[in-house]
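The next block holds one structure in the form of structure tokens; read it before the comments.
Values in this text are rule-based calculations from the coordinates and carry no lab data. Since the structure is predicted, the reported quantities are computational estimates derived from the model, not experimental observations. Glycine also receives a Cβ, built like all others from the backbone with ideal geometry; neighbour counts cover every protein chain displayed.
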Amino acid sequence: MTVAQVGTLYGIGVGPGDHELITLKGLRILQQTPVVAFPAGVNGKLGLAQQIVGEWLRDEQVLLPLTFPYVQDADILTQAWQAAAQQVWYYLDLGQDVAFVCEGDISFYSTFTYLAQTLQQLHPRVAIQAIPGVCSPMAAASAIGLPLTVRGDRFVVVPAIYNMEELETILDWADVLVLMKVSSVYEQVWQVLHRRQLLEKAWVVERATLPDQVIYKDLSHLPTLKLPYFSILIVKMT
């Protein structure tokens, strides 16, 4: 008995926001894939990944928004990953390729990681390929016009979930620090940087590479900022 050919799931990193920062390989695969999946937006708005690739899509492509809740509850998240995986598997099992697009790089704090792992657990014969993209720290560094690292710089990236004790420890030995999605803890971070006299060596970039990008430099007089979700803080100690 012949086993039907299963489609391939492509994970495509589409960059931080500027639609021209998708790679040539990512664009080619995106446009030749019959089904395009992406994290669904909230409150009726399009998600960032969908906004980035919107003009590259073809009318005949199937669009598949997948819901991923912004919570820390492991049970809720597991259910969401499984539901998303089954939605994608429906098309893969028909032999159709699916491109899952997400902002930034596909392996850098990406929702694709959880989707791919869940699919592999539920359907081991699934074929998965990851296409890298430009991640937000590199885009933010480009926006402020400085090299992110030089020579032997020790470079640290910390995701949104961290505490001030951890931050203090990292600042003791790192040369360059990037804090992802810093909006919820900006005021606490500001106090730490103020005490260490690092505010003049820090930048915040909102929505890197998008038309409404905003850059704050020398944070000495900015103890409070109302920042959007996609905000990055960079500290260069050297």
Computed over segment 8-131, the relative contact order (Cα-Cα under 8 Å, seq sep at least six) in percent reads 42 percent
Chymotrypsin sites (Phe, Trp or Tyr not before Pro) in segment 68-152 lying in a DSSP loop, each with at most 15 other Cβ atoms within 10 Å of its Cβ, come to Y70, Y109
Gyration tensor (Cα only) of the chain to equivalent ellipsoid, semi-axes in Å sorted down, yields 36, 18, 16
With label points set 7 Å from each Cα along the Cα-to-Cβ direction at D73 and E166, the distance between them in nm comes to 2.3 nm
In nm², the average projected area of the convex hull spanned by the Cα atoms of segment 66-168 is 9.2 nm²
Ordered by fewest other Cβ atoms within 10 Å, a rough proxy for footprinting exposure, F230, F38 read F230, F38
Output row, site S107, 7 Å Cα→C-beta label point, backbone N cut-off 16 Å, window segment 115-133, residues 115-117, 128-133
With a 30 Å threshold on alpha-carbon distance, the violating pairs from K45/K226; K25/K217; K45/K201 are K25/K217; K45/K201
Under the rule rounded for a/c under 1.5, else prolate if a/b exceeds b/c, else oblate, using alpha carbon gyration tensor axes a ≥ b ≥ c, segment 167-238 is classed as prolate
A correct fewest-to-most ranking of M237, M138, M180 by other Cβ atoms within 10 Å would be M237, M138, M180
Once both label points are put 7 Å beyond Cα along the C-beta direction, the I215-R151 separation in nm becomes 2.4 nm
Counting only DSSP beta bridges with both partners in the chain, the antiparallel fraction in percent, to the nearest 5, comes to 40 percent
Per residue, the convex hull enclosing the alpha carbons of segment 1-112 has a volume in Å³ of 120 Å³
Expressed in nanometres to one decimal, the distance between label points 7 Å along Cα→Cβ at V42 and L57 is 2.1 nm
Restricting to Cα pairs under 8 Å and 6 or more apart, the percent relative contact order of segment 95-238 works out to 22 percent
Checking K201, K217, K45 against a Gaussian network model of the chain (alpha-carbon springs below 10 Å), the top fluctuating residue turns out to be K45
Most exposed to least, judged by fewest other Cβ atoms within 10 Å, E55, E168 sort to E55, E168
Rounded to the nearest Å, the spacing of the alpha-carbon centers of segment 73-115 and segment 1-42 is 11 Å
